[in-house]
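Please read the structure below before turning to the comments.
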């Protein structure tokens, strides 16, 4: 399910555009600069919206990179506008779009590490299930929650996107 | 990865106890009834804390039930206290603990439906990846966000729990 889990992250990142459209519509209606939203937080010691989005992007991008050993494009955290965030998200979506099932073939025996883990490693499957998936959705849901808390008109359908439903 | 994904949901639900302990500590320090937190929302048209927790529980429980065809225990949404929510969460953790890899053997060819889907179905793998996982973490992260927004002292480690790290 490597391909499916990262494919789903790619799909979820694609949903952000509709959230941004709704955010910009609120800003236009209320006559404020939409980019003001990027610095809002739910708690003073939580990350602001812009950082939640950057972290969702990095969690998916670096997750796919570490699980497969494929280099990821560098993306410094310099975004200050929705336009710049759209470009970053598009870059991650394009990167995730390069993966096929064969990229994940060696994943079950690969180990993963990060500088902050002080030399420790995780198996790639554990890293995906225990770290990447929970963190990705954490930052995605916080992005959604910050927007909703500030009056942006989005709903669960904008979060989930179109489901692969069919008649039986 | 069926076993791993649901095992991770079980682990994440186990983290809620530490969040509740922190919520109760704040209530004691500030001299308010901890159960007041259960009715708080991030937005007037989002669900309150108690419902976010119930939905995280149901998403995991009904997800495992629908993907495997194993009956799930009924749990009416009647909780009004953290004590009652702990009992509900414990019930879901116990239910998820009954699953083994063999329960998921037929999952890849199973189809799933819900009353609100108007007769449509999803394959069980699509349902898990597109619906269960994103919804579970949505409600879990909203639970976390509501608590953080109201001053409860929890951090990312309380969200993720202990990772399966080892020395290389």
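With respect to being part of a helix (DSSP H, G or I) and within 11 Å of the chain's Cα centre (by Cα), residue B:6 fits the description.
Across region A:69-84, the number of residues qualifying as in contact with a helix residue (DSSP H, G or I) (Cβ under 7 Å, 6 or more places away or on another chain), surrounded by fewer than 21 Cβ atoms within 10 Å (Cβ to Cβ) and in contact (Cβ under 8 Å) with a residue 12 or more places away in the chain comes to 7.
Here the helices (runs of 4 or more DSSP H) wholly within region B:112-168 that include at least 3 residues being farther than 28 Å from residue A:118 by Cα and in contact (Cβ under 8 Å) with a residue 40 or more places away in the chain are B:133-149. In this structure, residue A:111 qualifies as surrounded by fewer than 17 Cβ atoms within 10 Å (Cβ to Cβ), in contact with a helix residue (DSSP H, G or I) (Cβ under 8 Å, 6 or more places away or on another chain) and within 13 Å of chain B (Cβ to nearest Cβ). Looking only at region A:31-61, which residues are part of a helix (DSSP H, G or I) and touching a residue at least 60 places away in the same chain (Cβ under 8 Å)? Within region A:31-61, A:37, A:49, A:52, A:53, A:55, A:56, A:59, A:60 qualify. From the list B:106, B:97, the lone residue that is away from chain A (no Cβ under 14 Å), surrounded by 12 or more Cβ atoms within 10 Å (Cβ to Cβ) and either in contact with a helix residue (DSSP H, G or I) (Cβ under 6 Å, 6 or more places away or on another chain) or farther than 26 Å from residue A:12 by Cβ (or both) is B:106.
For region B:36-52, a residue qualifies if it is over 25 Å from residue B:122 (Cβ atoms) and crowded, with 19+ Cβ neighbours inside 10 Å, and the qualifying residues are B:37, B:38, B:42, B:49, B:50.
Checking B:166, B:148, B:157, B:116 one by one, the residue that is surrounded by 15 or more Cβ atoms within 10 Å (Cβ to Cβ) and more than 14 Å from residue B:9 (Cβ to Cβ) is B:148 and no other. Could you tell me whether residue B:64 is assigned to a helix (DSSP H, G or I) and more than 15 Å from the chain's Cα centre (by Cα)? Considered against the rule, which asks whether it is assigned to a helix (DSSP H, G or I) and more than 15 Å from the chain's Cα centre (by Cα), residue B:64 comes out as no.
Per the conditions (1) over 25 Å from residue A:149 (Cβ atoms); (2) over 17 Å from the mean Cα position of the chain (by Cα); (3) in a loop (DSSP other than H, G, I, E, B), the sole criterion not satisfied by residue B:99 is (2).
Of the residues making up region A:114-126, those that are under 20 Å from the mean Cα position of the chain (by Cα) and facing another protein chain (nearest Cβ under 8 Å) are A:125, A:126. Among the conditions (1) in contact with a helix residue (DSSP H, G or I) (Cβ under 8 Å, 6 or more places away or on another chain); (2) within 28 Å of residue A:146 (Cα to Cα); (3) assigned to a loop (DSSP other than H, G, I, E, B), residue B:19 misses just one, which is (3).
Coordinate-derived values only; no laboratory data. The structure displayed is predicted, hence computed values, not measured ones. Positions of Cβ are backbone-derived with ideal geometry, glycine not excepted, and every protein chain shown enters the neighbour counts.
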